[in-house]
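Structure first, then comments.
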Amino acid sequence: MTDTLRVAHCSDIHLDGDHYHHDQYVNASDYYREMFDRVLEQMRTHDPDIMLLAGDLFDSNQATTETIEWSMELIADQPCPVAMIPGNHDCLVEGGIYQRYDFKAIPNLTFLTEEEGESAWIEELGVAVWGKGMVDHSPNFSPLGGCPSRPDDCEFYLGMGHGIHVPHGEPSHRSSPIHMGEIEDSPFDYLALGHHHAAMKLVTNDTTAAYCGSPTDTVGGAATYAVIEIEKNNVTRLEILAIPGTERD
Ligand SMILES: [Mn+2]
């Protein structure tokens, strides 16, 4: 078992999106697919023990069969365990992608889909990972609500959540709120967040969390992902990194 857990965190890929058109792509969806491929390639350069995908892999539940099957093969091809939650764009609606395609059959993928939240173990790493499956992106959905305390026998405890960051003192009428107080009180060594496309580090005395940004949106200044190193209850590295060549002037 490892003493230092290396984590690579990506979110908000929005496969089959059509928000960005680039001259070099005939179809907008080609851009999203290429950037998912490229961010995984970048993440692999850090030799991660585990990859986390924190929601919105797809831009909508109308993604094409070709893109869905391509993404399943790409996830399966990664050389390490991958943990994933759905987001608001690919939430667990009736007839949605994750009902039609069995992502849980991907051997290296831990897909957390319970509406009340669920924990899974990646035994070979001593990792427990917790997350929720979003069904309804509404003010009533609390992405971190009810997260369980740290299991006694895990070496590393990871959390995942997809929703809007609510700083201290702000009203909470937004859908899928993640309050700063909840982040501070959360029991995880690292909390991987998704939904904001601009990366944001949220580090307190007790918890290290981050929105890693998006590999397909440069709203935060570049297309980004995060790399984290954890040494037994102590995060020693949290870096937001840009996919080379995506930095905006
Ligand atoms: Mn989202």
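All of the numbers you see were taken from the coordinates with simple rules; none came from a lab. Here the structure is a predicted model, which means the values were calculated and not measured. Note that we place each Cβ from the backbone using ideal geometry, even for glycine, and neighbour counts take in every protein chain shown.
One table, with the values for the structure above:
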quantity: Sparse-neighbourhood loop sites, trypsin sites (Lys or Arg not before Pro) in the stretch 194-247 - DSSP loop, at most 15 other Cβ within 10 angstrom; calculated: Lys232
quantity: Electrostatic dipole magnitude of the stretch 4-242 [Cβ: Lys, Arg +1; Asp, Glu -1; Cα centre; debye, to 20]; calculated: 420 debye
quantity: Gaussian network model of the chain, Cα within-10 Å springs - most flexible of Asp152, Asp18, Asp102; calculated: Asp152
quantity: Unit Cα scatterers, Debye sum, the chain: log10 I(q)/I(0) for q = 0.15 Å⁻¹; calculated: -1.01
quantity: Those aspartates and glutamates that a straight Cα-Cα span of less than 20 Å connects to Lys232, excepting residues fewer than 8 apart in one chain; calculated: Asp3, Asp47, Asp49, Glu123, Glu124, Asp152, Asp153, Glu155, Glu184, Asp185, Asp189, Asp206
quantity: FRET efficiency, Asn27 to Asp206 (Cβ-Cβ, R0 41 Å, nearest 0.05); calculated: 0.35
quantity: Arg237 versus Glu115: modelled label distance in nm, points set 7 Å from Cα along the beta carbon direction; calculated: 4.1 nm
quantity: The chain: most fluctuating residue of Gly133, Gly220, Gly87 per GNM, C-alpha cutoff 10 Å; calculated: Gly220
quantity: Label point 7 Å beyond Cα of Arg248 along Cβ direction - residues of the stretch 206-227 with amide nitrogen under 20 Å; calculated: 211-226
quantity: Alpha-carbon centroid distance for the pair the stretch 181-237 / the stretch 13-89, whole angstrom; calculated: 19 Å
quantity: For Ser149, Ser172, order by how many other beta-carbon atoms lie within 10 Å, fewest first; calculated: Ser149, Ser172
quantity: Whole-number D in µm²/s for the stretch 69-143 (Stokes-Einstein; Kirkwood sum over Cα pairs; 10 °C, 1.306 mPa s); calculated: 120 µm²/s
quantity: Helix-only mean residue ellipticity at 222 nm for the chain, each DSSP H run of n ≥ 4 adding -39500 (n - 2.57), per residue, nearest 500; calculated: -4500 deg cm²/dmol
quantity: Among Ala222, Ala120, Ala54: highest mean-square fluctuation, GNM of the chain, C-alpha pairs under 10 Å; calculated: Ala120
quantity: Hydrodynamic radius of the stretch 114-249 per Kirkwood, over alpha carbon pairs, in Å; calculated: 15.5 Å
quantity: Inter-label distance for Thr45 and Ser175, nm, one decimal - labels placed 7 Å from Cα along Cα-to-Cβ; calculated: 3.6 nm
quantity: With Cα atoms, 0 to 90° folded angle of helix 28-44 axis to the chain main axis; calculated: 40 degrees
quantity: Bridge type composition, the stretch 1-145 - antiparallel percent by DSSP, nearest 5; calculated: 30 percent
